[in-house]
Amino acid sequence: MSQPKILLLGAPGAGKGTQSSNLVEEYGVEHVTTGDALRANKDMETEHGTPRSFMEAGELVPDPVVNEIVQAALDDADGFVLDGYPRNLDQAEYLAEITDLDVAAYFEVADEELIDRLTGRRVCEDCGANFHVKYAPPEEEGVCDECGGDLIQRDDDTEETARERLRVFEENTLPVVEFYDEEGDLARIDGEQAPDEVWADLEAAIEDAL
Ligand code: AMP
């Protein structure tokens with residue numbers, strides 16, 4: 001059987017990255033994440049400008065830029081977990097043209113919890129591992145437990161930009177959640193549970209769908 005094609009939906013900070021790592025380990029799928037791809041290419045010149053200015057303001061990077069990234073990544077992948085895309089209805093329609101999903105899951109988390117998670121998040125500059133100043137502190141402040149790299153706060157995890165990202169999510173991406181809901185194949189998962197409880201629900205939803 002070919003590998004599963006999984007879509008994770010949820011606001012910034014809902015836990016998509018954490019659960020994507022579990023899916024990669026469990027199912028051997030590719031992790032396709034537009035956020036990481038764009039962060040690695042912030043200053044890439046495109047006819048729409050560079051991604052940096054959009055990202056630092058918490059706004060969406062123009063569709064043609066992200067669609068191209070996703071198409072190239074999906075062409076190369078057998079199964080995948082897609083994280084951070086689609087973020088608006090046009091992207092969802094584009095995705096429907098290039099692939100069929102096996103399962104779409106949506107992590108539900110309240111706004112104030114998301115702000116707390118985002119503003120406390122620290123990321124390793126070298127290996128990308130995630131920590132949280134309160135909920136998942138590293139053994140030594142500012143130092144990655146995995147590789148010893150420096151931990152930094154993402155430019156867009158400041159409170160002001162995090163709030164703008166949540167506004168952009170509500171305006172552009174909630175309609176995408178409804179789009180999959182109406183198709184009848186959306187698994188809604190309580191994203192405020194502990195990560196291993198979220199994982200148990202996600203795994204059950206995937207086993208159900210396959
Ligand atoms: P993330 O790491 O998924 O929170 O993404 C960080 C930033 O990258 C977002 O705030 C957007 O500026 C940009 N970005 C990521 N994915 C997309 C997408 N599918 N469409 C447009 N912009 C995106």
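The values are calculated or read from the model by the stated rules, or taken from the named source; none is laboratory data. Remember, it's a predicted structure, so these values are computed and weren't measured experimentally. Note that each Cβ is placed from the backbone with ideal geometry, even for glycine, and that neighbours are counted across all protein chains shown.
Data for the structure
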item	result
First in region 93-108 and more than 24 Å from GLU170 (Cβ to Cβ) and in contact (Cβ under 8 Å) with a residue 40 or more places away in the chain, second anywhere and hydrophobic (A, V, I, L, M, F, W, C) and surrounded by fewer than 21 Cβ atoms within 10 Å (Cβ to Cβ), Cβ under 8 Å, 6 or more apart	THR99/LEU74; ASP102/ILE206; ASP102/ALA209; ASP102/LEU210
Contacts under 7 angstrom Cβ, first residue in region 57-71 being farther than 12 Å from TYR94 by Cβ, partner outside any helix (DSSP H, G or I) and within 9 Å of the ligand (Cβ to nearest atom), 6 or more apart	LEU60/ARG87; LEU60/ASN88
Residues satisfying the stated conditions in region 169-197, i.e. in contact with a helix residue (DSSP H, G or I) (Cβ under 6 Å, 6 or more places away or on another chain) and either assigned to a helix (DSSP H, G or I) or basic (Lys, Arg) (or both)	PRO175, VAL176, PHE179, PRO195
Listing of helices (runs of 4 or more DSSP H) fully contained in region 1-117 that carry 3 or more residues being within 9 Å of the ligand (Cβ to nearest atom)	34-39, 51-57, 63-76
Filter result for LEU101 (surrounded by fewer than 20 Cβ atoms within 10 Å (Cβ to Cβ) and in contact with a helix residue (DSSP H, G or I) (Cβ under 9 Å, 6 or more places away or on another chain))	yes
Residue match in region 192-209 (condition: touching a residue at least 60 places away in the same chain (Cβ under 8 Å), in contact with a strand residue (DSSP E or B) (Cβ under 6 Å, 6 or more places away or on another chain) and within 16 Å of the ligand (Cβ to nearest atom))	no
In region 154-210, the residues that are among the polar types (S, T, N, Q) and closer than 26 Å to HIS132 by Cα	THR158, THR161, THR173, GLN193
Residue within region 153-172 that is within 21 Å of LEU202 (Cα to Cα), aromatic (Phe, Trp, Tyr) and within 13 Å of the ligand (Cβ to nearest atom) present	no
Near pairs, Cβ below 6 angstrom, 6+ apart or cross-chain, from region 28-49 (at pLDDT 90 or above) to any residue that is in a loop (DSSP other than H, G, I, E, B) and more than 11 Å from the ligand (Cβ to nearest atom)	VAL29/GLN3; VAL29/GLY79; GLU30/ALA77; ASP43/THR50
Count of residues meeting criterion [modelled with pLDDT of 95 or more and on the phi < 0 side of the Ramachandran plot] in region 11-26	11
